[in-house]
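Let me begin by presenting the structure, written as C-alpha coordinates, before commenting on it.
The values are calculated or read from the model by the stated rules, or taken from the named source; none is laboratory data. What you see is a predicted model, and the numbers here were worked out from it, not measured in a lab. No Cβ is skipped: glycine too gets one built from the backbone with ideal geometry, and neighbour counts run over all protein chains shown. The area values use the complete protein model at the heavy-atom level, side chains included, leaving out ligands, DNA and RNA. Shrake-Rupley method; radii C 1.70, N 1.55, O 1.52, S 1.80 Å.
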Amino acid sequence: MDLISIDSLSDGQIETILDRGERWFEYNRSNSRGQDKSLHDKLVFNLFYENSTRTAMSFATAAHRLGASPVFLPVEQSSIKKGETFDDTARTLNAMRPDVIVVRHRENGAPARMTELMDCAVINAGDGTNEHPTQALLDALAISIRFGRVEGLKIAICGDIRHSRVARSNAKLLPRLGAEVRLAGPPSLLPSDAPALSIDEAIKGADVVMMLRVQRERLEEELGDAPGEYLSRYGLTVDRLAKAAPGAVVMHPGPMNRNVEIADDVADDPERSLILLQVEAGVATRMACLELVTSS
(Lines give C-alpha, C1' and ligand atoms only; values in the text may rest on other atoms or scores of the structure.)
Protein backbone atom coordinates (compact mmCIF):
# COMPACT_ATOMS: atom_id res chain seq x y z
CA MET A 1 0.00 0.00 0.00
CA ASP A 2 0.94 3.67 -0.31
CA LEU A 3 0.80 6.41 2.30
CA ILE A 4 0.02 9.60 0.41
CA SER A 5 -2.45 11.50 2.58
CA ILE A 6 -4.31 11.29 5.87
CA ASP A 7 -7.51 10.67 3.91
CA SER A 8 -5.92 7.58 2.35
CA LEU A 9 -5.72 5.95 5.80
CA SER A 10 -8.60 4.14 7.45
CA ASP A 11 -9.32 4.65 11.14
CA GLY A 12 -7.95 1.17 11.74
CA GLN A 13 -4.70 1.94 9.95
CA ILE A 14 -4.26 5.15 11.92
CA GLU A 15 -4.83 3.24 15.15
CA THR A 16 -2.30 0.62 14.07
CA ILE A 17 0.35 3.24 13.27
CA LEU A 18 -0.13 5.01 16.61
CA ASP A 19 -0.17 1.77 18.61
CA ARG A 20 2.92 0.43 16.86
CA GLY A 21 4.54 3.85 17.08
CA GLU A 22 4.14 3.83 20.85
CA ARG A 23 5.70 0.37 20.97
CA TRP A 24 8.65 1.50 18.84
CA PHE A 25 9.02 4.66 20.92
CA GLU A 26 9.51 2.54 24.04
CA TYR A 27 11.79 0.16 22.14
CA ASN A 28 14.01 2.99 20.91
CA ARG A 29 14.39 4.27 24.47
CA SER A 30 15.24 0.87 25.94
CA ASN A 31 18.80 0.08 26.99
CA SER A 32 18.47 -3.40 25.52
CA ARG A 33 17.60 -2.12 22.06
CA GLY A 34 19.12 -4.09 19.23
CA GLN A 35 18.49 -3.85 15.52
CA ASP A 36 15.12 -5.34 14.67
CA LYS A 37 15.15 -7.57 11.59
CA SER A 38 11.49 -7.35 10.57
CA LEU A 39 12.35 -5.52 7.33
CA HIS A 40 15.55 -7.43 6.63
CA ASP A 41 16.47 -7.32 2.93
CA LYS A 42 13.99 -4.50 2.25
CA LEU A 43 15.35 -1.58 0.24
CA VAL A 44 14.08 1.92 1.10
CA PHE A 45 14.86 4.76 -1.31
CA ASN A 46 14.77 8.32 0.03
CA LEU A 47 14.19 10.90 -2.72
CA PHE A 48 14.10 14.47 -1.40
CA TYR A 49 13.69 17.31 -3.86
CA GLU A 50 13.56 19.78 -0.95
CA ASN A 51 15.95 20.17 1.97
CA SER A 52 15.22 18.25 5.14
CA THR A 53 16.86 17.30 8.41
CA ARG A 54 14.18 15.78 10.64
CA THR A 55 12.11 13.92 8.07
CA ALA A 56 15.02 12.64 5.99
CA MET A 57 17.10 11.47 8.94
CA SER A 58 14.19 9.94 10.82
CA PHE A 59 13.11 7.88 7.80
CA ALA A 60 16.70 6.68 7.37
CA THR A 61 16.96 5.87 11.08
CA ALA A 62 13.58 4.13 11.04
CA ALA A 63 14.60 1.93 8.11
CA HIS A 64 17.92 1.05 9.74
CA ARG A 65 16.27 0.22 13.08
CA LEU A 66 13.96 -2.22 11.27
CA GLY A 67 16.84 -3.94 9.49
CA ALA A 68 16.11 -2.41 6.09
CA SER A 69 18.68 -0.72 3.88
CA PRO A 70 18.04 3.03 3.48
CA VAL A 71 19.50 4.57 0.31
CA PHE A 72 19.59 8.33 -0.34
CA LEU A 73 19.60 9.92 -3.77
CA PRO A 74 21.24 13.35 -3.40
CA VAL A 75 19.20 15.42 -5.84
CA GLU A 76 21.98 18.00 -6.19
CA GLN A 77 24.29 15.27 -7.49
CA SER A 78 21.77 13.38 -9.61
CA SER A 79 20.68 13.45 -13.22
CA ILE A 80 17.75 15.60 -12.11
CA LYS A 81 20.21 18.51 -12.17
CA LYS A 82 20.95 17.65 -15.81
CA GLY A 83 17.32 18.00 -16.79
CA GLU A 84 16.00 14.48 -16.23
CA THR A 85 12.23 14.55 -15.84
CA PHE A 86 10.37 13.45 -12.73
CA ASP A 87 8.77 10.58 -14.64
CA ASP A 88 12.10 9.34 -16.01
CA THR A 89 13.68 9.49 -12.56
CA ALA A 90 10.80 7.44 -11.15
CA ARG A 91 11.05 4.84 -13.92
CA THR A 92 14.82 4.60 -13.45
CA LEU A 93 14.49 4.04 -9.71
CA ASN A 94 11.67 1.56 -10.24
CA ALA A 95 13.97 -0.54 -12.41
CA MET A 96 16.22 -0.98 -9.37
CA ARG A 97 13.33 -2.72 -7.56
CA PRO A 98 13.13 -0.91 -4.21
CA ASP A 99 10.52 -2.02 -1.69
CA VAL A 100 9.62 1.52 -0.58
CA ILE A 101 10.30 4.99 -1.90
CA VAL A 102 9.98 7.99 0.42
CA VAL A 103 9.54 11.17 -1.61
CA ARG A 104 9.46 14.85 -0.78
CA HIS A 105 8.73 17.29 -3.58
CA ARG A 106 8.04 20.98 -4.04
CA GLU A 107 5.00 20.31 -6.22
CA ASN A 108 1.59 19.31 -4.88
CA GLY A 109 0.62 15.83 -6.03
CA ALA A 110 4.11 14.59 -6.91
CA PRO A 111 4.01 11.58 -4.52
CA ALA A 112 0.59 10.61 -5.90
CA ARG A 113 2.08 10.77 -9.40
CA MET A 114 4.93 8.56 -8.18
CA THR A 115 2.46 5.81 -7.27
CA GLU A 116 1.48 5.60 -10.95
CA LEU A 117 5.11 5.08 -12.00
CA MET A 118 6.46 2.79 -9.27
CA ASP A 119 5.69 -0.83 -8.45
CA CYS A 120 6.74 -0.40 -4.80
CA ALA A 121 5.07 1.35 -1.87
CA VAL A 122 5.28 5.16 -1.91
CA ILE A 123 5.31 7.34 1.21
CA ASN A 124 4.65 11.06 0.98
CA ALA A 125 7.31 12.92 2.99
CA GLY A 126 5.73 16.28 2.14
CA ASP A 127 4.48 17.66 -1.16
CA GLY A 128 4.43 21.39 -1.73
CA THR A 129 1.73 23.03 0.35
CA ASN A 130 -0.48 19.95 0.18
CA GLU A 131 0.19 17.32 2.86
CA HIS A 132 2.75 15.85 5.23
CA PRO A 133 0.90 12.84 6.65
CA THR A 134 3.71 11.26 8.65
CA GLN A 135 4.34 14.57 10.43
CA ALA A 136 0.70 14.70 11.55
CA LEU A 137 0.92 11.09 12.72
CA LEU A 138 4.06 11.75 14.75
CA ASP A 139 2.49 14.88 16.21
CA ALA A 140 -0.49 12.80 17.34
CA LEU A 141 1.85 10.24 18.87
CA ALA A 142 3.82 12.91 20.74
CA ILE A 143 0.59 14.40 22.10
CA SER A 144 -0.64 10.97 23.14
CA ILE A 145 2.65 10.18 24.89
CA ARG A 146 2.40 13.43 26.87
CA PHE A 147 -1.32 13.43 27.69
CA GLY A 148 -2.22 9.76 27.37
CA ARG A 149 -4.82 10.73 24.79
CA VAL A 150 -5.67 13.07 21.93
CA GLU A 151 -9.44 12.93 22.35
CA GLY A 152 -10.94 15.95 24.06
CA LEU A 153 -7.86 18.18 23.76
CA LYS A 154 -7.92 21.70 22.37
CA ILE A 155 -5.10 22.19 19.87
CA ALA A 156 -4.17 25.58 18.43
CA ILE A 157 -2.13 25.54 15.20
CA CYS A 158 -0.75 29.01 14.60
CA GLY A 159 1.30 30.77 11.97
CA ASP A 160 1.63 30.36 8.21
CA ILE A 161 -1.41 28.12 7.71
CA ARG A 162 -1.80 28.94 4.01
CA HIS A 163 1.49 27.33 3.00
CA SER A 164 1.68 24.62 5.65
CA ARG A 165 1.32 21.00 4.61
CA VAL A 166 1.78 20.17 8.32
CA ALA A 167 -1.27 22.22 9.27
CA ARG A 168 -3.31 20.68 6.47
CA SER A 169 -2.53 17.10 7.51
CA ASN A 170 -3.03 17.83 11.20
CA ALA A 171 -6.35 19.52 10.49
CA LYS A 172 -7.47 16.27 8.85
CA LEU A 173 -6.04 13.84 11.42
CA LEU A 174 -6.55 15.40 14.85
CA PRO A 175 -10.34 15.86 14.61
CA ARG A 176 -10.62 12.19 13.60
CA LEU A 177 -8.91 11.40 16.90
CA GLY A 178 -11.39 13.54 18.83
CA ALA A 179 -9.44 16.78 19.23
CA GLU A 180 -10.71 20.32 18.71
CA VAL A 181 -8.41 22.10 16.24
CA ARG A 182 -8.14 25.87 15.99
CA LEU A 183 -6.26 27.55 13.15
CA ALA A 184 -4.89 31.08 13.46
CA GLY A 185 -2.30 33.30 11.85
CA PRO A 186 -1.71 36.60 10.09
CA PRO A 187 -4.66 37.32 7.77
CA SER A 188 -2.46 37.13 4.68
CA LEU A 189 -1.22 33.69 5.73
CA LEU A 190 -4.63 32.10 6.29
CA PRO A 191 -6.62 30.15 3.70
CA SER A 192 -9.79 31.90 2.59
CA ASP A 193 -11.98 29.25 4.26
CA ALA A 194 -10.28 29.41 7.68
CA PRO A 195 -12.20 30.98 10.60
CA ALA A 196 -10.98 34.49 11.41
CA LEU A 197 -9.39 33.70 14.78
CA SER A 198 -6.63 35.81 16.26
CA ILE A 199 -3.57 34.12 17.73
CA ASP A 200 -4.70 35.06 21.23
CA GLU A 201 -8.21 33.67 20.66
CA ALA A 202 -6.82 30.39 19.36
CA ILE A 203 -4.38 29.97 22.23
CA LYS A 204 -6.85 30.83 24.99
CA GLY A 205 -7.54 27.63 26.94
CA ALA A 206 -5.62 25.44 24.47
CA ASP A 207 -3.91 22.29 25.74
CA VAL A 208 -1.46 22.23 22.84
CA VAL A 209 -0.02 25.18 20.93
CA MET A 210 1.66 24.20 17.66
CA MET A 211 3.58 26.99 16.00
CA LEU A 212 4.49 27.01 12.30
CA ARG A 213 7.40 28.51 10.41
CA VAL A 214 6.73 31.43 8.11
CA GLN A 215 7.54 29.93 4.69
CA ARG A 216 8.99 33.04 3.15
CA GLU A 217 10.32 31.03 0.20
CA ARG A 218 6.69 30.39 -0.85
CA LEU A 219 5.40 33.94 -0.37
CA GLU A 220 4.42 35.89 -3.46
CA GLU A 221 5.01 39.14 -1.56
CA GLU A 222 7.17 39.84 1.47
CA LEU A 223 5.34 40.43 4.74
CA GLY A 224 7.20 43.67 5.26
CA ASP A 225 7.57 43.01 8.98
CA ALA A 226 10.24 44.86 10.91
CA PRO A 227 12.65 42.91 13.15
CA GLY A 228 10.73 41.58 16.15
CA GLU A 229 7.35 42.61 14.75
CA TYR A 230 6.13 39.14 13.80
CA LEU A 231 6.96 37.73 17.24
CA SER A 232 5.16 40.51 19.07
CA ARG A 233 2.04 40.35 16.86
CA TYR A 234 1.77 36.67 15.95
CA GLY A 235 4.51 34.66 17.67
CA LEU A 236 4.49 32.55 20.80
CA THR A 237 5.92 34.34 23.81
CA VAL A 238 5.77 33.49 27.50
CA ASP A 239 3.03 36.09 28.01
CA ARG A 240 0.96 34.72 25.14
CA LEU A 241 1.41 31.12 26.31
CA ALA A 242 0.06 32.14 29.72
CA LYS A 243 -3.38 32.38 28.08
CA ALA A 244 -3.35 28.66 27.29
CA ALA A 245 -4.67 25.98 29.63
CA PRO A 246 -2.66 25.14 32.74
CA GLY A 247 -0.09 22.55 31.75
CA ALA A 248 -0.34 23.42 28.06
CA VAL A 249 2.51 22.22 25.86
CA VAL A 250 4.29 23.72 22.89
CA MET A 251 5.05 22.04 19.55
CA HIS A 252 6.80 23.00 16.33
CA PRO A 253 7.51 20.75 13.30
CA GLY A 254 10.78 22.56 12.60
CA PRO A 255 12.89 24.09 11.42
CA MET A 256 12.25 26.95 13.83
CA ASN A 257 12.79 30.61 13.14
CA ARG A 258 13.73 31.45 16.70
CA ASN A 259 12.37 34.73 18.02
CA VAL A 260 10.20 35.05 14.94
CA GLU A 261 7.33 32.58 15.37
CA ILE A 262 8.55 31.31 18.74
CA ALA A 263 10.61 32.87 21.52
CA ASP A 264 13.74 31.11 22.77
CA ASP A 265 12.48 30.76 26.32
CA VAL A 266 9.31 29.03 25.08
CA ALA A 267 11.03 26.72 22.59
CA ASP A 268 13.58 25.63 25.19
CA ASP A 269 11.24 25.28 28.18
CA PRO A 270 12.07 21.77 29.49
CA GLU A 271 8.63 21.31 31.05
CA ARG A 272 6.41 22.57 28.27
CA SER A 273 8.23 22.15 24.97
CA LEU A 274 7.58 18.89 23.10
CA ILE A 275 9.73 19.87 20.13
CA LEU A 276 12.45 17.29 20.72
CA LEU A 277 9.83 14.71 21.73
CA GLN A 278 8.31 15.24 18.28
CA VAL A 279 11.65 14.36 16.71
CA GLU A 280 11.92 11.23 18.86
CA ALA A 281 8.33 10.26 18.07
CA GLY A 282 9.12 10.80 14.39
CA VAL A 283 11.50 7.85 14.25
CA ALA A 284 9.00 5.58 16.01
CA THR A 285 6.08 6.71 13.85
CA ARG A 286 8.02 6.22 10.63
CA MET A 287 9.06 2.76 11.76
CA ALA A 288 5.35 1.98 12.12
CA CYS A 289 4.61 3.51 8.70
CA LEU A 290 7.34 1.47 7.01
CA GLU A 291 5.93 -1.66 8.64
CA LEU A 292 2.44 -0.84 7.42
CA VAL A 293 3.28 -0.15 3.78
CA THR A 294 5.46 -3.25 3.44
CA SER A 295 2.97 -5.60 5.11
CA SER A 296 0.43 -5.58 2.29
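In a simple Cβ point-charge model (Lys, Arg +1; Asp, Glu -1; nothing else charged), the range 1-76 has a dipole of about 460 debye relative to its Cα centre. The simple Förster model, with R0 at 41 Å and r as the Cβ-Cβ distance, assigns E116 and A196 a FRET efficiency of 0.60.
Per-residue extension of 0.36 nm, minus the Cα-Cα distance of E151 and E50, leaves a gain of 33.0 nm for this segment.
Protection proxy ranking, highest mean first, for peptides 86-96, 191-201, 242-252: 242-252, 86-96, 191-201, where packing is the per-residue count of other beta-carbon atoms within 10 Å, averaged. By accessible area, using a 1.4 Å probe on protein heavy atoms only, the chain has 47% of its surface on carbon and sulfur. Computed from the C-beta positions of R97 and M256, the FRET efficiency with R₀ = 30 Å rounds to 0.20. Here's the picture: charge each Lys and Arg Cβ at +1 and each Asp and Glu Cβ at -1 in the range 23-124, and of A95, T55, N108 the one pushed furthest to the positive end of that dipole is T55.
What net charge do the residues around A206 carry, taking every other residue with its C-beta under 13 Å from that of A206, with Lys and Arg at +1 and Asp and Glu at -1? Please report the intermediate quantities before stating the final value.
Numbers: positive: K154, R182, K204, R240, K243, R272; negative: E180, D200, E201, D207.
After counting each charged neighbour, the total is +2.
Computed over the chain, the alpha-carbon pair-distance distribution with 10 angstrom bins reads 6, 29, 34, 22, 8, 0, each value a whole percent. Taking amide H atoms as placed 1.01 Å from N in the peptide plane, the amide H of V249 lies under 5 Å from those of V208, V209, each 5 or more residues away in sequence or on another chain. Against the main long axis of the alpha-carbon atoms of the chain, helix 54-65 sits at an angle near 40°. In terms of its alpha-carbon gyration tensor, the range 123-192 comes out oblate; a/c meets the 1.5 threshold, while b/c is at least as large as a/b.
The packing ranking, built from the mean of other Cβ atoms within 10 Å per residue, places the peptides 265-272, 175-182 in the order 175-182, 265-272, highest first. Oblate is the label for the range 37-147, because the ratio a/c of its alpha-carbon gyration tensor axes (a ≥ b ≥ c) is 1.5 or higher and a/b is not greater than b/c. Rounded to the nearest 20, the size of the Cβ-charge dipole of the chain about its Cα centre is 480 debye, with Lys and Arg at +1 and Asp and Glu at -1. Could you tell me which of rounded, prolate or oblate describes the range 127-285, using a ≥ b ≥ c as the square roots of the eigenvalues of the alpha-carbon gyration tensor, with rounded for a/c under 1.5 and, failing that, prolate when a/b is larger than b/c and oblate otherwise? It is rounded, given that a/c, with a ≥ b ≥ c, falls under 1.5. Computed with a 1.4 Å probe over protein heavy atoms only, the accessible surface of the range 43-168 comes to 39 Å² per residue. Report, in deg cm²/dmol and to the nearest 500, the calculated mean residue ellipticity at 222 nm for the chain, where each DSSP H run with n ≥ 4 adds -39500 (n - 2.57) and the sum is divided by the residue count. My calculation for the chain gives -11500 deg cm²/dmol from helical runs alone.
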